[in-house]
Amino acid sequence: AQSVTQLGSHVSVSEGALVLLRCNYSSSVPPYLFWYVQYPNQGLQLLLKYTSAATLVKGINGFEAEFKKSETSFHLTKPSAHMSDAAEYFCAVSEGSNYKLTFGKGTLLTVNP
Amino acid sequence: DSGVTQTPKHLITATGQRVTLRCSPRSGDLSVYWYQQSLDQGLQFLIQYYNGEERAKGNILERFSAQQFPDLHSELNLSSLELGDSALYFCASSVGMGQGYNEQFFGPGTRLTVL
């Protein structure tokens, strides 16, 4: 069965600092991995996805994530945080024949001026 | 704007009542998914439809049901509502049957409050 663990329900960074949001997954087959962002009172927007091509995936708004099979991780990073990055971020996993997305609990990112 | 629309945006009702949530997928998407987001359970998959047929079921209560119509819009029916059903309900859509690599596009959600 697939599952996702996001370490840290709340991460706080200063504007301009590195953003690192952690995600570990469990999957019995090669997974497809996704990062979604949710701004207050809005739906989820896809940031990036891993579908077994390049292990380093670049997404929108300067975010990227690296798939590390040996560590079963898919951490999200951004070199320099902007105030507009403040939101909740969800990591999700999907298996090839299993259509549903399984989400982590989410990480709330706060960016301080 | 993802192209997925959901109505209503907010719904306030009483325990024991029945409500219907509506979703229109992106143009061309045949799969519709329903998710529930609550503080204690997080984001949970409820059910998926593909071109009018049920394809996958998740943690959906027996009091809940869904369907997808010939025009591909979907409705989620929640009955005998309880306080614990208060949550954000999201609809998502994707191209094709919902192969794992297909990204899902989410609507803005319907916030249900049961009093």
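Across region B:64-69, rounded Karplus estimates of 3J(HN,Hα) from the backbone phi angles (6.51 cos²θ - 1.76 cosθ + 1.60, θ = phi - 60°) give 9, 8, 9, 7, 10, 8 Hz, Gly and Pro being marked x.
If you model the protein assembly as shown as an ellipsoid using its alpha carbon gyration tensor, with each semi-axis the square root of five times an eigenvalue, the axes come out at 29, 21, 16 Å, biggest first. If you wrap the tightest convex hull around every Cα atom of region B:39-115 and split its volume per residue, you get 106 Å³. Share of carbon and sulfur in the accessible area of chain A stands at 52%, probe radius 1.4 Å. Note that region A:1-106, at 4 °C in a medium of 1.567 mPa s, gets a Stokes-Einstein diffusion coefficient of 93 µm²/s from its Kirkwood radius over C-alpha pairs.
In this view, the solvent-accessible surface of residue B:10, computed with a 1.4 Å probe and all protein chains in place, comes to about 120 Å². Note on the protein assembly as shown: lysine pairs with Cα distance below 27 Å, sequence gap of 8 or more or different chains, count 24. Interface size, chains B and A: roughly 1700 Å² of accessible area buried, both sides included, 1.4 Å probe, rounded to the nearest 100. With a 1.4 Å probe rolled over the protein heavy atoms of all chains, the accessible area of A:39, A:50 falls in the order A:39, A:50, largest first. Nonpolar atom fraction for region B:1-105, defined as the carbon and sulfur part of the 1.4 Å probe accessible area, stands at 48 percent. A 1.4 Å probe run over the protein chains yields, for chain A, 47 Å² of accessible area per residue, whole-number rounding.
The values are calculated or read from the model by the stated rules, or taken from the named source; none is laboratory data. The structure displayed is predicted, hence computed values, not measured ones. Surface accessibility is based on the protein's heavy atoms, side chains included, excluding ligands, DNA and RNA. Shrake-Rupley method; radii C 1.70, N 1.55, O 1.52, S 1.80 Å.
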